[in-house]
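What follows is a set of notes on a single structure, which appears directly below.
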Amino acid sequence: MNFNRHLITGLAIILLLALSRLIPHPPNFTPILGMAVFSGAIINHKLFAYIIPLAAMLLSDLYLGFHASMPIIYFSLAVCVLIGTFIEARVSILNSFLSISLGVLAFFLITNFMVWYGSGIYESSISGLMTCYFMGLPFVQNTFISSILYGMGAFFIYDIINKRMIFGNNA
């Protein structure tokens, strides 16, 4: 019974985070990376830990529209879920913050590498790659702030619902 309550709470939070992607927001200020790390850390069944945030992303993309970079974005989200799985049994404020931060860094490195590799905008050299990463820095600020706010908020709300307010301290 506890497993079901924890799963339902986690799924509800993930659904709310996914839906909040549809609310008007500043550029790159979305809950998706925090949601992916949260899913990896909270959902015990690993296949579901990956499927749920990716399906949530796909559903919101059905509304927002598809684009050519979707495969690399989804791959990067799966990496964020993987990062979350490393703290599954050791969720804490510090571990959550570090995992979300690492997820943002991984997302930034992977997606900007693919921009450099596939867009033809940057020179095909280490210098071009570094230029691509440098040009991506202004975008990572909102990504980092939103991922920390949404992700840490998800962990906090999950903790409150499952351990203190509703289900008692024995959850």
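Structure notes:
- Region 2-165 - percent relative contact order, Cα under 8 Å, separation 6 or more: 32
- Extension gain, residue 90 to residue 149: 0.36 nm times the residue separation minus the Cα-Cα distance gives 19.3 nm.
- Relative to the longest principal axis of the Cα atoms of the chain, helix 32-42 runs at roughly 40 degrees.
- Alpha-carbon gyration tensor eigenvalues x 5, square-rooted, for the chain, Å: 31, 16, 14
- Between region 97-148 and region 1-50, the Cα center-to-center distance that results, in Å: 23
- Gain on full stretching of the segment that runs from residue 124 to residue 70 - 0.36 nm per residue minus C-alpha separation: 17.2 nm
- Amide N proximity, region 17-43 versus residue 7 label position 7 Å along Cα-to-Cβ, cut-off under 18 Å: 39-43
- Between 60, 96, 125, the GNM of the chain built on Cα springs shorter than 10 angstrom shows 125 fluctuating the most.
Any read-out appearing in this document is the output of simple, stated calculations on the displayed coordinates, not a laboratory observation. Quantities reported herein were computed from a predicted structural model and do not represent experimental measurements. Note that each Cβ is placed from the backbone with ideal geometry, even for glycine, and that neighbours are counted across all protein chains shown.
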